[in-house]
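Accompanying notes for the structure given below.
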Amino acid sequence: MHRHRGVAALAAAVVLWASFALTIRGIGASGLTPVDAAFLRFVTPVLLLAPWLPRALRAVRRERPGVVVALCLAGLPHFLLSALGGRLTTAALVGLLLPGSVPLFVAVILAVTRGERVRGRRLIALTAIVLGIAATAVLTTAGATTTGIGVLLAAGFVWAVYTIGLGRTRLDLISVVLVICTPAALVAAVLEVTGALPVNLTSAPVSHLALFVVLQGVGTGIFSTLSYGYAVRRLGSGIPAVIGAISPVLTTVLAVPLFGEPITAGVLVALALVVGGVITYNVKPRDRAGSALAGPPPAAGHRPHVRGLQPHLTTGVVEHPAAAGQLHLQ
């Protein structure tokens, strides 16, 4: 029964990760501006988790400033870069490049800052990811889309920095969500009030406001984090990390009826390379005790740095590690 619940939680997380990419792509057609969407995205978790805010503030005072800055990058900077990239590209590329580029950037950052080298299976996996990213650029003819690919890669780099910070933080999971969302919500609120960037929150259809509150604020901001964490505890870290790589595939398929985006040969090549690379990166080799995918669940804490409780990329906060970009920080 616990395993079935873990599978159900994992399926919910994958769907929510895909919804992040799809709603990011749909901002332009919603009547909302990126600032409006960011406001809904970050204010909602802060309001729902407000009872835990004093505890989070006390915990932040004990955290290292560099780690706090790294966590905050997953807020407004990542969201606005993702929104701009989604405006210039397709839902398929948002769902693919945001999580898919993170393992590559994390490996590069750790190699530069800590001298860590990538060998064997993971080197092959990262090579496949690079080739997949290159394929998206080579097979793209529109200048705007090429620029959008660069913006999405910048968003992936920002999430990679956040991922490393998440692996080093001493904050509990709810405090991490509040550290990410609270500053982003405050800045977005200031932008809404001052009009420093285009805003349209009061004129957007109520149905679109509700959609972003539910999918981005509640779904991506809170439920995907909790469902993924639950799945990891029930299934171990390997299976969720590998299954999470199907999120870009789901995004690509759903983008066909929702946005009329065709599944081109270039998209298929990029999907095969990036998703295959991410799966290869995350699958642990068998050890003497058997398959590492069937390893014991992590300890019953909520701290993000506990092995097995990895951040999702995508997207948003501790969620869509962010999708295909699950990382096992050693």
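Quick note: the coordinates plus some simple rules give every number you see, no bench work behind them. From a predicted model like this one, the values you see are computed outputs, not experimental measurements. No Cβ is skipped: glycine too gets one built from the backbone with ideal geometry, and neighbour counts run over all protein chains shown.
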Item to complete: Could you tell me whether the stretch 92-203 comes out rounded, prolate or oblate from its Cα gyration tensor? Rule is a ≥ b ≥ c as square roots of the eigenvalues, rounded for a/c under 1.5, then prolate if a/b exceeds b/c, otherwise oblate.
Response: oblate
Worksheet entry | Radius 14 Å from Cβ of Val108, net charge of other residues (Lys, Arg +1; Asp, Glu -1) | +2
Worksheet, complete the sentence: Two pseudo-spin positions, 7 Å from Cα along C-beta at Arg5 and at Thr202, lie apart in nanometres by 4.6 nm
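Lys and Arg at +1, Asp and Glu at -1: add these up for the other residues within a Cβ distance under 15 Å of Pro65 and post the number. It would help to have the intermediate numbers written out before the result.
Values: positive: Arg61, Arg62, Arg64, Arg168, Arg170; negative: Glu63.
Computed value for this residue: +4.
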Discussion item. Could you give each residue of the stretch 123-131 its phi-based ³J(HN,Hα) in whole Hz, using Karplus coefficients 6.51, -1.76, 1.60 with θ = phi - 60°, and x for Gly or Pro?
Written reply: 5, 4, 4, 5, 5, 4, 5, 4, 5
Worksheet item: If you rank Arg87, Arg3, Arg25 by fewest surrounding Cβ atoms within 10 Å, what's the result?
Response: Arg3, Arg87, Arg25
